[in-house]
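Here's the structure we're looking at; comments come further down.
Each reported figure results from applying straightforward, stated rules to the coordinates on display, with no laboratory input. Keep in mind it's a predicted model, so treat the numbers as computed, not measured. Here the Cβ positions follow ideal geometry from the backbone for every residue, glycine too, while neighbour counts run over all protein chains shown.
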Amino acid sequence: DQQVKQNSPSLSVQEGRISILNCDYTNSMFDYFLWYKKYPAEGPTFLISISSIKDKNEDGRFTVFLNKSAKHLSLHIVPSQPGDSAVYFCAASDSNNNDMRFGAGTRLTVKP
Amino acid sequence: DAGVIQSPRHEVTEMGQEVTLRCKPISGHNSLFWYRQTMMRGLELLIYFNNNVPIDDSGMPEDRFSAKMPNASFSTLKIQPSEPRDSAVYFCASSLNRAYTFKADTQYFGPGTRLTVL
């Protein structure tokens, strides 16, 4: 049962433009959401997070938006850079548990 | 700190053989997670430990999979016997679980072990 879904396996954008990665979840108990970035041959690394008491969190070029009613979150990267090319995983967690559920990932390619 | 250490980085074995993957979490972290990454299912949580105690192993696919954490600095994931469909990248992650905080603590991942079962 995929509780966290990233329906786009890949995304390609031009350098300097905005990248928007989407994520949907089904478990209404999830109250904390994270994005991880993964380069080839490396483990995922934490990028940005948001708790359910907020609807937006910004960190430099990265902004995460949360729409609780739609059970949807998105990661915006602007402006996109070639170094942003990686696989991005969306993750969700219920604060009462310590586990985390990940989406299948979206491969972002930023073209120079 | 060296981060989460996993060994081996690559493992190629034949069907039916026993495979043991190893993980050393970040010193001071009290939670440890084992994940499996496949193209079809992305990152799947297999099992996680809190203070060396297995908390949730519902993600472990079959009885062929077992995990142990004998102390705070070491964990193993064993597959016995291995099958070709077990081929995947296996990640270990650790975090510092602070009780009563309104967030899941950031997990730090190791580089993964790429397992190929022929």
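Screening the candidates A:25, A:36 for the property of being touching a strand residue (DSSP E or B) at 6+ places or on another chain (Cβ under 8 Å), away from chain B (no Cβ under 12 Å) and under 30 Å from residue B:54 (Cβ atoms) yields one hit, A:25. Can you confirm whether region B:14-26 contains a residue that is among the aliphatic types (A, V, I, L, M), surrounded by 18 or more Cβ atoms within 10 Å (Cβ to Cβ) and in contact with a Pro (Cβ under 7 Å, 6 or more places away or on another chain)? No; the residues of region B:14-26 include none that is among the aliphatic types (A, V, I, L, M), surrounded by 18 or more Cβ atoms within 10 Å (Cβ to Cβ) and in contact with a Pro (Cβ under 7 Å, 6 or more places away or on another chain). Among the residues of region B:1-13, just one is buried (at least 18 other Cβ atoms within 10 Å of the Cβ) and part of a loop (DSSP other than H, G, I, E, B), namely B:4.
Here B:77, B:32 are screened, and the one residue that is part of a strand (DSSP E or B), farther than 24 Å from residue A:96 by Cβ and under 14 Å from the mean Cα position of the chain (by Cα) is B:77.
As for region A:84-101, it holds no residue that is touching a Ser or Thr at 6+ places or on another chain (Cβ under 8 Å), touching a residue at least 40 places away in the same chain (Cβ under 8 Å), surrounded by 22 or more Cβ atoms within 10 Å (Cβ to Cβ) and polar (S, T, N, Q). Filtered by the rule that a residue be within 11 Å of residue A:87 (Cα to Cα), surrounded by fewer than 18 Cβ atoms within 10 Å (Cβ to Cβ) and touching a residue at least 12 places away in the same chain (Cβ under 8 Å), region A:35-58 gives a lone residue, A:39. Considering region B:1-45, the residues that are within 14 Å of residue B:90 (Cα to Cα) and among the acidic types (Asp, Glu) include one that is nearest to the other protein chains (Cβ to nearest Cβ), namely B:44. If I filter region B:27-34 for residues that are farther than 15 Å from residue B:107 by Cβ and aromatic (Phe, Trp, Tyr), do I get at least one hit? No, region B:27-34 has no match at all.
Which ones in region A:62-83 are under 11 Å from the mean Cα position of the chain (by Cα) and either at the interface with chain B (Cβ under 9 Å from one of its Cβ atoms) or in contact (Cβ under 8 Å) with a residue 40 or more places away in the chain (or both)?
A:72, A:73, A:74, A:75, A:76, A:77
Taking the conditions (1) closer than 16 Å to residue B:45 by Cα; (2) away from chain B (no Cβ under 12 Å) in turn, residue A:55 satisfies each one other than (1). Where strands (runs of 3 or more DSSP E) fall wholly inside region A:28-82, the ranges with 1 or more residues that are among the aromatic types (Phe, Trp, Tyr) are A:32-38, A:45-51, A:62-67.
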